[in-house]
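Here is the structure we will look at, set down as structure tokens.
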Amino acid sequence: MIYNVFPPAKELEEVVKQYVVITSLEGINSLLFLPNGCNFIVFNRGFDGHTEIYNDDRKFPIPKGYSISVKNNKIKKFVVEEDSSHKIKFPLILAELTPIGFYKLFNKDASILKNDYLEIEESIKEKYFKDLYTHASIKEELEYLNSSLNMLHLSQDNKYMCIQDVIDKIINTYHFEVSVKKLLEEFNCSRSKLERVFKKIIGLTPKNFIYISKFCKTVVSYIEDDCCFSEMEYLYSDHSHMNAVFKKFFGLNPSIVFDDVTNKKIRIYQLQKLNIN
């Protein structure tokens with residue numbers, strides 16, 4: 001899959017992580033999406049396809065219209081049906097949402113995304129997205145999406161939520177090296193309340209969010225930042241622990257995964273650098 005990524009407007013930074021503009025599906029079968037608490041708005045232009053869990057038989061059909069992608073703790077890849085690939089119009093645009101982005105935009109319980117895509121309601125499509133794919137340039141398309149998503153966000157009247165402070169602590173203060181117990185003490189919150197809020201707004205438990213985000217950070221840091229194993233050990237208790245985590249997600253040892261990435265047998269979406277041009 002050939003694509004570029006672009007940052008959202010500043011006012012959307014809590015909601016949209018980045019836009020993905022796809023210009024070719026070449027090599028899409030080798031592209032994997034690591035779990036990191038994020039998911040996508042898929043602005044489909046009619047192609048037939050599904051999301052597939054890596055090393056698993058589970059498949060989630062992608063609606064032909066605009067939809068919100070499945071959100072769980074598994075490695076996924078997009079699969080496009082061969083008989084529809086020649087009919088696809090480019091570019092295709094995806095909006096990668098932040099962990100709280102779906103709730104901020106649609107004010108719906110994020111746990112509904114666990115097993116299926118969610119089609120965007122016709123009334124929302126007509127009000128906010130009806131002119132997408134009608135502009136003369138990518139820049140204009142993204143300006144339109146920035147404006148539309150910001151209006152949708154403001155329409156929900158979602159004020160700043162405490163969970164944003166919790167996520168900020170997990171990511172920027174503790175770098176995913178924190179227990180749920182520590183968070184409960186720091187924010188003076190009960191476990192049941194924190195878990196309920198995380199499931200509603202993110203679609204994952206706090207423990208699961210930390211677990212998958214830590215795994216994603218490990219893979220990206222090791223490959224993209226050229227860290228060696230000894231520098232990464234702080235994320236896991238030892239190599240046996242790291243091996244067990246990688247086998248759980250990939251079904252393979254870390255060394256095999258990294259060799260496959262080096263040899264371009266697999267590509268990882270999160271390794272792409274942000275294009276701000």
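Remarks
- Hits in the stretch 113-144 - residues which are of a type in the set (A, V, I, L, M, F, W, C) and either closer than 11 Å to Ser67 by Cβ or surrounded by 15 or more Cβ atoms within 10 Å (Cβ to Cβ) (or both): Leu113, Leu118, Ile120, Ile124, Phe129, Leu132, Ile138, Leu142
- Sub-6 Å Cβ pairs linking a first residue in the stretch 170-198 that is over 16 Å from Asn208 (Cβ atoms) and assigned by TED's automatic domain parsing to the domain that holds Asn36 to a second residue that is loosely packed, with under 15 Cβ neighbours inside 10 Å and at pLDDT below 95, at least 6 apart or interchain, number zero.
- Selected residue [small (Gly, Ala, Ser), buried (at least 21 other Cβ atoms within 10 Å of the Cβ) and assigned by TED's automatic domain parsing to the domain that holds Leu113] from Gly37, Gly46: Gly37
- Scan of the stretch 97-134 for residues that are under 21 Å from Lys159 (Cα atoms) and assigned to a loop (DSSP other than H, G, I, E, B), ordered by number: Thr98, Pro99, Ile100, Asn107, Lys108, Asp109
- The single condition among (1) within 20 Å of Tyr117 (Cβ to Cβ); (2) crowded, with 16+ Cβ neighbours inside 10 Å that Phe6 does not satisfy is (1).
- Residue selected from the stretch 49-66 under the condition touching a His at 6+ places or on another chain (Cβ under 8 Å) and in contact (Cβ under 8 Å) with a residue 24 or more places away in the chain, by the criterion surrounded by the most Cβ atoms within 10 Å (Cβ to Cβ): Ile62
- Condition broken by Ser69, with the remaining ones in (1) buried (at least 19 other Cβ atoms within 10 Å of the Cβ); (2) more than 14 Å from the chain's Cα centre (by Cα); (3) not hydrophobic (A, V, I, L, M, F, W, C) satisfied: (2)
The values are calculated or read from the model by the stated rules, or taken from the named source; none is laboratory data. Fair warning: this is a prediction, and the values are worked out from it, not measured in the lab. Cβ atoms come from the backbone with ideal geometry, glycine included; neighbour counts cover every protein chain shown.
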